[in-house]
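Participant: Sharing a structure, written as structure tokens. Questions coming.
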Amino acid sequence: MERIYLDHAATTPVHPKAAEAMMPYFTSVYGNPSSTHHFGRESKAALQQSRKVLAEAVGASADEIVLTAGGTEADNLAIMGYARRHQHLGRHLITAVTEHHGVLHACGALEKEGFRVTYLDVDSEGRISLEELKQALTDETILVSLMTANNETGVLQPVQEAAALLKEHQTVFHTDAVQALGKRRLNVTELGIDMLAASAHKFNGPNGTGFLYVRKGIQLDPLLYGGSQERKRRAGTESTALAAGMAEALRLALENMEQKQLEQERFRHLLLTHLEQGGVEFVVNGHRHERLSNVLNISFPGANVEQLLMNLDLEGIAVSSGSACTAGSIEASHVLTAMHGDSERGRSAVRFSFGLGTTEAHMEQTAAALLRVLQRMKVLH
Ligand code: PLP
């Protein structure tokens, strides 16, 4: 049985060229980039080259890139590092209820330290209101954090408009671009972004590495204390290999990106058409146009999602649900609950996400398997 992986929003396979790009740094160019001898200098030069590629991909300069151990750390560093450093300017932050836990839980930790956080609601399409953002701003607000694209629905937030709205205000603007980077063209200057978090394993780079873009001049309190790597913003020996893999993966992701978007729109259309033709009752979650091409979140009313996922896995299809199973009962994710309340729609949602290796044939096989499984589950008659 050929297994079909449609969970690229969870993590992605490493691109073979990215894997290849890492190899020399495990075995021959292995010096510590902080060492002053030949081995160290060689590593440092490679690290700088990777940093340059990452910076250029978002329209930044190399010294504005802080290498981290992934998206969570980048989000935490931006939010906690900035808030702690600038609390003399105010102790209020604004974010949205549908953010990733890497943002929400960082905000929660700051609340315990005495900061106040406003969590903006979203509409049924998953988008915040700019008017509500404007109203939430106070003289105490120091940071606004809004994700570029949501990990469950692919919905895009109006980050450029939000950033423009903050222009005259003291607050800085952070975006969690973990899902969006590599799928959309992002230029921090054009978008007005002060800090941007990214993670390599979402764009066919290695796991456990990512970066935070920090606009020149912005000071952060570090999360980690130790050596003075990353201009004292992130202590610990950098991984030259992971940085090289991440840089190569991002370079490849941005190559023919528009073509890949079109292909993914076709995958999406194909899957939806097959489901319609098969008489399946379903509803697509999230904004119709303001979204990523590679994430498709569908609710199947009447279906027990846990059973559905298990049966699809038996059919060789790997997807994920937007729900969590707590003490035997299915609870909708915080994202779908924010969009649709505690509802059947939220509890019966499945996320299909496409990427490297996905084909049209996969869509046909997935639709056929879905029809079989829904019939077996007596959801489709
Ligand atoms: N932010 C978003 C939107 C994500 O989807 C993820 C990944 O699950 C993260 C942050 C965390 O990234 P990482 O897994 O690299 O810590």
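The values are calculated or read from the model by the stated rules, or taken from the named source; none is laboratory data. Because the structure is predicted, anything quoted here is derived from the model rather than measured. Neighbour counts run over all protein chains shown; Cβ positions are idealised from the backbone, glycine included.
Listed here are the residues, each with its yes/no results for (1) over 27 Å from Pro13 (Cβ atoms); (2) under 18 Å from the mean Cα position of the chain (by Cα); (3) assigned by TED's automatic domain parsing to the domain that holds Gly70; (4) in a loop (DSSP other than H, G, I, E, B).
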| site | (1), (2), (3), (4) |
| --- | --- |
| Lys216 | yes, no, yes, yes |
| Asp221 | yes, no, yes, yes |
| Glu238 | no, no, yes, yes |
| Ala244 | no, no, yes, no |
| Ala249 | no, yes, yes, no |
| Leu270 | no, no, no, no |
| Leu296 | no, yes, no, no |
| Gln307 | yes, no, no, no |
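Participant: For the stretch 4-22: of the residues being touching a strand residue (DSSP E or B) at 6+ places or on another chain (Cβ under 7 Å) and not in a strand (DSSP E or B), which is farthest from the ligand (Cβ to nearest atom)? Steps first, answer last, please.
Facilitator: Step one: filter the stretch 4-22 for residues touching a strand residue (DSSP E or B) at 6+ places or on another chain (Cβ under 7 Å), giving 4-10.
Checking which are not in a strand (DSSP E or B) leaves us with 6, 8-10.
On the way: Leu6: 16, His8: 11, Ala9: 7, Ala10: 7 Å.
My answer is Leu6.
Participant: Which pairs have Cβ atoms under 8 Å, sit 6 or more apart or on different chains, and link a residue in the stretch 212-234 that is under 11 Å from Glu64 (Cα atoms) to one that is of a type in the set (S, T, N, Q) and surrounded by fewer than 15 Cβ atoms within 10 Å (Cβ to Cβ)?
Facilitator: Taking only residues 6 or more apart or on different chains, the pairs are Lys216/Ser61.
Participant: So which residues in the stretch 148-166 are surrounded by fewer than 24 Cβ atoms within 10 Å (Cβ to Cβ) and part of a loop (DSSP other than H, G, I, E, B)?
Facilitator: Selection gives Pro158, Leu166.
Participant: Are any of the residues in the stretch 42-56 within 16 Å of the ligand (Cβ to nearest atom) and either more than 20 Å from Tyr213 (Cβ to Cβ) or surrounded by 15 or more Cβ atoms within 10 Å (Cβ to Cβ) (or both)?
Facilitator: Quick first cut of the stretch 42-56, residues within 16 Å of the ligand (Cβ to nearest atom) only: 54.
Cutting the leftovers down to either more than 20 Å from Tyr213 (Cβ to Cβ) or surrounded by 15 or more Cβ atoms within 10 Å (Cβ to Cβ) (or both) gives us 54.
Yes: the stretch 42-56 contains one or more residues that are within 16 Å of the ligand (Cβ to nearest atom) and either more than 20 Å from Tyr213 (Cβ to Cβ) or surrounded by 15 or more Cβ atoms within 10 Å (Cβ to Cβ) (or both).
Participant: Inside the stretch 132-156, can you point out the residues that are within 16 Å of the ligand (Cβ to nearest atom), under 14 Å from Tyr119 (Cα atoms) and not hydrophobic (A, V, I, L, M, F, W, C)?
Facilitator: Ser145
Participant: Of the conditions (1) within 16 Å of the ligand (Cβ to nearest atom); (2) of a type in the set (Asp, Glu); (3) farther than 26 Å from Lys260 by Cβ, Asp194 clears all except one; give me its number.
Facilitator: Looking at each condition in turn, Asp194 falls short on (1).
Participant: Spot the failing condition for Thr95; the list is (1) within 15 Å of the ligand (Cβ to nearest atom); (2) surrounded by fewer than 18 Cβ atoms within 10 Å (Cβ to Cβ), and only one is missed.
Facilitator: (2)
Participant: Can you find, within the stretch 167-187, the residue that is farthest from the ligand (Cβ to nearest atom) among those that are crowded, with 21+ Cβ neighbours inside 10 Å and not in a strand (DSSP E or B)? First the steps, then the outcome.
Facilitator: Of the stretch 167-187, the ones crowded, with 21+ Cβ neighbours inside 10 Å are 171-183, 186.
With the extra rule that they be not in a strand (DSSP E or B), the set shrinks to 171, 177-180, 182-183, 186.
On the way: Thr171: 21, Ala177: 8, Val178: 4, Gln179: 5, Ala180: 8, Gly182: 12, Lys183: 12, Leu186: 14 Å.
Residue satisfying both the conditions and the ranking: Thr171.
Participant: How many residues are part of a strand (DSSP E or B) and not aliphatic (A, V, I, L, M) when one looks only at the stretch 202-214?
Facilitator: Keep residues of the stretch 202-214 that are part of a strand (DSSP E or B), which gives 210-214.
Next, from what is left, pick out any that are not aliphatic (A, V, I, L, M): 210-211, 213.
Matching residues across the stretch 202-214 total 3.
Participant: For residues that are buried (at least 23 other Cβ atoms within 10 Å of the Cβ), at pLDDT below 95 and not small (Gly, Ala, Ser), tally how many sit in the stretch 337-381.
Facilitator: Adding up the residues that qualify gives 1.
Participant: Then there is this: From (1) more than 16 Å from the chain's Cα centre (by Cα); (2) among the β-branched types (Val, Ile, Thr); (3) within 24 Å of Gly40 (Cα to Cα), pick out the condition that doesn't hold for Thr209.
Facilitator: All conditions pass for Thr209, except number (1).
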